[in-house]
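Trainee: Take a look at the following structure, please.
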Amino acid sequence: MNQQRITRHLSELARVAEATATHLSDEVAAVADLTLRTLRRGGTLYFCGNGGSAADSQHLAAEYVVRFARDRRALPALALTVDTSALTAAANDFGFDEIFARQVAALGRPGDLLFLHSTSGRSANLLRAAEVARQAGLKTVALLARDGGPLKERVDVALVVPTEVTAHAQEIHIALGHAICDLVDEAWSTPAPDPAMVAALESLRRMEKAQTLWYRALASRAEDEDDAVLSERFNGLHADEQHHLSRITARLLELEVETAELRSVAAPPLPGDDWAPAVREREQAEVAAYEAALEGPLDAETRAVLVEILESERHHLAQLGGKWMPA
Ligand SMILES: O=C(CO)[C@@H](O)[C@H](O)[C@H](O)[C@H](O)COP(=O)(O)O
Ligand SMILES: [Zn+2]
């Protein structure tokens with residue numbers, strides 16, 4: 001009899017776990033991604049919940065601060081369920097609904113991430129915490145169940161576990177918390193790219209951005225002057241430089257590096273009608289910049305990208321024309 005109840009509990013948990021894997025894996029991966037991006041940018045993870053979910057909050061924060069399955073650097077995470085002085089003062093002075101919201105207001109910074117665990121999605125203190133987090137510029141993720149409750153609508157991402165049973169919701173929440181930790185750990189065990197390489201790539205991006213603006217301005221000037229041949233030539237160069245910029249940007253994104261804003265890069269001054277020496281000079285500078293970058297520390301894939309771009313830049317220099325990029 002007893003065994004039957006136990007088996008039924010576990011079988012039902014397995015069924016909920018299967019359904020969660022089927023329906024929520026993509027969202028969970030997206031949350032792991034968001035968690036990783038938050039940490040890489042220097043953000044902090046916060047966790048909150050009531051009862052069993054308070055325990056989940058502490059449990060998961062500890063995985064980040066200490067470790068999950070592998071050694072890696074200490075990561076900033078805090079459960080908002082642990083400071084009895086803050087919790088009792090907030091409850092006593094402002095009301096129980098404020099116990100997490102007050103701490104979010106005190107500690108949360110834009111770019112931080114708040115996890116809210118709730119089996120009902122109806123706990124007033126979590127609804128308030130989500131509201132204050134949003135006002136303070138934090139991202140919010142809720143781990144929920146049933147219909148998700150009103151909390152579902154008040155967070156950036158809601159992971160709604162398909163079960164009506166509180167215990168199973170909590171059991172799956174902790175499993176999802178572990179799965180997210182595991183993905184973060186794995187990403188963290190691949191070494192961060194060399195900062196010197198990242199700086200070199202960012203400097204090449206700025207140079208390419210200036211080139212794209214310059215050639216676009218030259219192409220439109222040629223169009224204004226009804227010189228179709230010349231405008232085609234500058235458009236070809238513009239297309240190549242744009243492609244170079246995209247490839248370097250894509251490489252940085254592959255390396256999970258936040259790329260720098262290029263809005264401040266201005267178009268260099270345009271040459272007079274005798275444009276060829278100016279184009280040659282700038283292309284020469286590009287060739288030299290890529291050659292210098294290839295002398296620096298690069299991983300093999302980044303090197304391969306820069307070698308291809310350098311080849312295209314050498315064509316630009318020799319031909320003063322574009323469309324030399326391998327597809
Ligand atoms: O652990 C359990 C039930 O398994 C309880 O302590 C449970 O967490 C508490 O009733 C919470 O207050 C429920 O809050 P919520 O999940 O509805 O937000
Ligand atoms: Zn070029």
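The values are calculated or read from the model by the stated rules, or taken from the named source; none is laboratory data. Not measured: the values here are computed from a predicted model. Glycine also receives a Cβ, built like all others from the backbone with ideal geometry; neighbour counts cover every protein chain displayed. What goes into the accessible areas is simple: the full protein's heavy atoms, side chains included, and nothing from ligands, DNA or RNA. Shrake-Rupley method; radii C 1.70, N 1.55, O 1.52, S 1.80 Å.
Trainee: Take Leu87 and decide whether it is part of a helix (DSSP H, G or I), modelled with pLDDT of 95 or more, over 22 Å from Glu171 (Cβ atoms) and in contact with a helix residue (DSSP H, G or I) (Cβ under 8 Å, 6 or more places away or on another chain).
Mentor: Values: part of a helix (DSSP H, G or I): yes; modelled with pLDDT of 95 or more: yes; over 22 Å from Glu171 (Cβ atoms): yes; in contact with a helix residue (DSSP H, G or I) (Cβ under 8 Å, 6 or more places away or on another chain): yes.
Yes.
Trainee: Contact list please: Cβ distance under 8 Å, first residue in the range 133-144 and outside the structural domain of Leu36 (by TED's automatic domain parsing) and over 10 Å from Val157 (Cβ atoms), second residue in a strand (DSSP E or B) and open to solvent by less than 30 Å² (accessible area, probe 1.4 Å), pairs at least six apart or on different chains.
Mentor: From residues that are outside the structural domain of Leu36 (by TED's automatic domain parsing) and over 10 Å from Val157 (Cβ atoms), there are no pairs.
Trainee: What's the number of the condition Ile174 fails, among (1) crowded, with 21+ Cβ neighbours inside 10 Å; (2) under 25 Å from the mean Cα position of the chain (by Cα)?
Mentor: Here Ile174 clears every test but (1).
Trainee: Right, here's the next one. I'd like the full set of residues that are open to solvent by 60 Å² or more (accessible area, probe 1.4 Å) and of a type in the set (A, V, I, L, M), limited to the range 212-260.
Mentor: Across the range 212-260, the qualifying residues are Ala228, Val229, Leu253.
Trainee: Within the set of pairs 6 or more residues apart or between chains, which connect a residue that is under 17 Å from Glu63 (Cα atoms) inside the range 151-180 to a residue that is more than 16 Å from ligand 2 (Cβ to nearest atom) and outside any helix (DSSP H, G or I) with Cβ atoms less than 6 Å apart?
Mentor: Ile172/Val161; His173/His117; His173/Leu143
Trainee: Looking for something at pLDDT 95 or above, hydrophobic (A, V, I, L, M, F, W, C) and either in the same structural domain as Ala167 (by TED's automatic domain parsing) or over 25 Å from Thr166 (Cα atoms) (or both) - is there at least one such residue anywhere in the range 67-74?
Mentor: Checked against the condition, which is being at pLDDT 95 or above, hydrophobic (A, V, I, L, M, F, W, C) and either in the same structural domain as Ala167 (by TED's automatic domain parsing) or over 25 Å from Thr166 (Cα atoms) (or both), the range 67-74 yields no hits at all.
Trainee: One residue is enough: does the range 262-269 have a residue meeting the conditions within 16 Å of ligand 2 (Cβ to nearest atom) and either open to solvent by 40 Å² or more (accessible area, probe 1.4 Å) or within 23 Å of the chain's Cα centre (by Cα) (or both)? Break it down into steps so the answer makes sense when it comes.
Mentor: So the first thing to find is which residues in the range 262-269 are within 16 Å of ligand 2 (Cβ to nearest atom), and the list is 265, 267-268.
Restricting the remaining residues to those that are either open to solvent by 40 Å² or more (accessible area, probe 1.4 Å) or within 23 Å of the chain's Cα centre (by Cα) (or both) gives 267.
The answer is yes; a qualifying residue exists.
Trainee: Residue by residue through the range 97-146, note down the ones that are under 21 Å from Val165 (Cα atoms), open to solvent by 30 Å² or more (accessible area, probe 1.4 Å) and in a helix (DSSP H, G or I).
Mentor: Ala124
Trainee: Before we move on, is Ala91 more than 24 Å from the chain's Cα centre (by Cα) and not basic (Lys, Arg)?
Mentor: On the way: more than 24 Å from the chain's Cα centre (by Cα): yes; not basic (Lys, Arg): yes.
In short, yes.
Trainee: Identify the residue in the range 177-203 that is of a type in the set (D, E, K, R), assigned to a helix (DSSP H, G or I) and open to solvent by 10 Å² or more (accessible area, probe 1.4 Å) and, among all such residues, is farthest from ligand 2 (Cβ to nearest atom). If you could, list the steps in order and put the result at the bottom.
Mentor: So in the range 177-203, the residues of a type in the set (D, E, K, R) come out as 182, 185-186, 194, 202.
Narrowing further to those that are assigned to a helix (DSSP H, G or I): 182, 185-186, 202.
Now restrict to residues that are open to solvent by 10 Å² or more (accessible area, probe 1.4 Å): 182, 186, 202.
On the way: Asp182: 44, Glu186: 38, Glu202: 18 Å.
By that ranking, first place goes to Asp182.
Trainee: Which numbered condition in (1) within 24 Å of His168 (Cβ to Cβ); (2) of a type outside the set (Ser, Thr, Tyr); (3) within 16 Å of ligand 1 (Cβ to nearest atom) is the only one that Ala101 fails?
Mentor: Result: Ala101 passes all but (1).
Trainee: For His315, only one of the following conditions fails: (1) at negative phi; (2) more than 11 Å from ligand 2 (Cβ to nearest atom). What is its number?
Mentor: Only one criterion is unmet by His315, namely (2).
Trainee: If you check Val16, Val28, which single one turns out to be open to solvent by less than 50 Å² (accessible area, probe 1.4 Å), under 27 Å from Ala187 (Cα atoms) and in contact (Cβ under 8 Å) with a residue 12 or more places away in the chain?
Mentor: Numbers: Val16 fails: under 27 Å from Ala187 (Cα atoms).
Going through Val16, Val28 in turn, the sole match is Val28.
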